[in-house]
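Novice: My structure is below; once you've seen it, I'll send some questions.
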């Protein structure tokens, strides 16, 4: 009996490992995603939040104001949820080749990601309010450039290795010029 259990565990581990995505899987895909080009100017987003069962539990719209100075980028995000909640997030990004790091007021530590082809895989832990408490939720965030003005973003959220939800959003670039002013305190300088 233990031989059957052992073989089942090995098969499960093999199947899970075989299903893993690597950003390098997209290295030949076009158009190439350069965050400093797509996220530079005025953008809008529309998305949904799903629970671990796949049920849509929230919808939202977002306004994004973005700019880059050399290797440093700034994303000023304003989220408007269907239940009336509003959130702001100010991302400060740093580009080194195809590698990116980022910080924001509700990100634990530093977000890290890389681009290849038309994709970015970005991983970070976000402080998320849940029932009056702050929970640290891990994000495995994937962005896919469709064309120069349109991007699809899917993020899996997990806690203790278990999927707790997903976010899917569509981001459209409106203009190459940022919409000023940026939110107070959202600057490239800390």
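Novice: For the range 120-130, indicate whether the set of residues that are closer than 19 Å to residue 31 by Cβ, in contact (Cβ under 8 Å) with a residue 40 or more places away in the chain and buried (at least 18 other Cβ atoms within 10 Å of the Cβ) is non-empty.
Specialist: yes
Novice: Right, here's the next one. Restricting attention to the range 50-71, which residues are more than 21 Å from residue 158 (Cβ to Cβ), assigned to a strand (DSSP E or B) and out of contact with any helix residue (DSSP H, G or I) (no Cβ under 7 Å at 6 or more places or on another chain)?
Specialist: 59, 61, 62, 63, 64, 65, 66, 67, 69
Every residue, every condition in (1) in contact (Cβ under 8 Å) with a residue 12 or more places away in the chain; (2) closer than 22 Å to residue 99 by Cα; (3) over 15 Å from the mean Cα position of the chain (by Cα), yes or no:
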{"position": "26", "(1), (2), (3)": "yes, yes, yes"}
{"position": "31", "(1), (2), (3)": "yes, yes, yes"}
{"position": "38", "(1), (2), (3)": "yes, yes, no"}
{"position": "42", "(1), (2), (3)": "yes, no, yes"}
{"position": "52", "(1), (2), (3)": "yes, no, yes"}
{"position": "55", "(1), (2), (3)": "no, no, yes"}
{"position": "69", "(1), (2), (3)": "yes, yes, yes"}
{"position": "74", "(1), (2), (3)": "yes, yes, no"}
{"position": "83", "(1), (2), (3)": "yes, no, yes"}
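Novice: Now for a separate question. Run residue 30 past the list (1) within 26 Å of residue 118 (Cβ to Cβ); (2) modelled with pLDDT under 95 and report the number of the one that doesn't hold.
Specialist: Residue 30 satisfies every listed condition except (2).
Novice: If you take the residues of the range 137-162 that are touching a residue at least 40 places away in the same chain (Cβ under 8 Å) and crowded, with 16+ Cβ neighbours inside 10 Å, which of them is nearest to residue 34 (Cα to Cα)?
Specialist: Only one residue tops the list, namely 145.
Novice: Something else now. Take residue 100 and decide whether it is farther than 18 Å from residue 145 by Cα and either at pLDDT 95 or above or in contact with a helix residue (DSSP H, G or I) (Cβ under 9 Å, 6 or more places away or on another chain) (or both).
Specialist: Here the answer is no, as residue 100 does not meet what is asked.
Novice: Follow-up question, since we're still on this one. Evaluate the range 156-172: report whether one residue or more is modelled with pLDDT of 95 or more, outside any strand (DSSP E or B) and under 30 Å from residue 28 (Cβ atoms).
Specialist: Within the range 156-172 (the criterion being modelled with pLDDT of 95 or more, outside any strand (DSSP E or B) and under 30 Å from residue 28 (Cβ atoms)), the answer is no, since none of the residues qualifies.
Novice: Next question. Which fully enclosed strands (runs of 3 or more DSSP E) of the range 81-155 have 1 or more residues being within 14 Å of residue 23 (Cβ to Cβ)?
Specialist: 99-103, 107-116, 119-130, 133-147
Novice: Test residue 74 against the stated conditions and say whether it is part of a strand (DSSP E or B) and touching a helix residue (DSSP H, G or I) at 6+ places or on another chain (Cβ under 8 Å).
Specialist: For residue 74, the condition - part of a strand (DSSP E or B) and touching a helix residue (DSSP H, G or I) at 6+ places or on another chain (Cβ under 8 Å) - is not met.
The values are calculated or read from the model by the stated rules, or taken from the named source; none is laboratory data. All figures in this text were calculated on a predicted structure; none of them were measured in a lab. FYI the Cβ positions are ideal-geometry reconstructions off the backbone, even for glycines, and counts take in every protein chain you see.
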